[in-house]
Structures are given as structure tokens and as C-alpha cells.
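**Student:** Dumping the structure here so I can ask a few things about it.
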Amino acid sequence: MSRIFLDANLAQQLHNMRTPAELCDPSGQVVGRFVPLVNLSDCEPVSPEVSEEELDLRSQADRKRYSTSEVLADVRSL
């Protein structure tokens, strides 16, 4: 990958960007797009909240299970 070195002013502008931006030449023609890097190191993972009741229901081994063909047959009968 090629590298293009920026002057200090443009580098500072891009460093402060939080959203993607189009880069244009002096005539206004788009020459590229800038997508800022996102630092996720300070973020905590989020997982869906599942109630104890739902966990118990999911763990029941005697639940009736259906094959794909059984589900499709049931849907077609509607």
C-alpha cells in the first residue's frame, strides 16, 4: 500500500474527524475517502439480557424439536 504524507494542518483536521469524509482536489473532484480509525479498547462488550426463565426454558432437554422439513411442511399447510 502506498503512503502519502500530509502537512501538519491536514493531518490535524483528519485526526479530529469522527465521521467519514470525502477528500477533494482544489477543483472539488473527489480523489478519495477518509474513514477514521475507531479505538474500541475503552468499550465494554454488550450481551443481550436473558432472563433466568428463558435460560431454564432453553436448558430443558425434553423439549420437542422439529426438523427443517417438518417446519416447512407446517408452514406450507397454513
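**Student:** Could you size up the charge dipole of the chain around its Cα centre, putting +1 on the beta carbon of Lys and Arg and -1 on that of Asp and Glu, and report it in debye to the nearest 20? Walk me through the intermediate numbers first.
**Tutor:** Values: 8 positive and 13 negative charges, 90 e Å.
Here the chain has a charge dipole of around 440 debye.
**Student:** Let me ask you something else. What residue among S27, S47, S67 shows peak mean-square fluctuation when the chain is described by a Gaussian network model with Cα springs under 10 Å?
**Tutor:** Looking only at S27, S47, S67, the largest GNM fluctuation is found for S67.
**Student:** Compute the Cα gyration tensor for the chain, then decide on rounded, prolate or oblate, letting a ≥ b ≥ c be the square roots of its eigenvalues: rounded whenever a/c is under 1.5, prolate when a/b is larger than b/c in the other cases, and oblate in all that remain.
**Tutor:** On the way: a/c = 5.11, a/b = 2.44, b/c = 2.10.
Prolate.
Each reported figure results from applying straightforward, stated rules to the coordinates on display, with no laboratory input. Computed from a prediction, not measured in an experiment: that's the story for all the values here. Cβ sites come from the backbone with ideal geometry, for glycine too, and all protein chains shown count toward neighbours.
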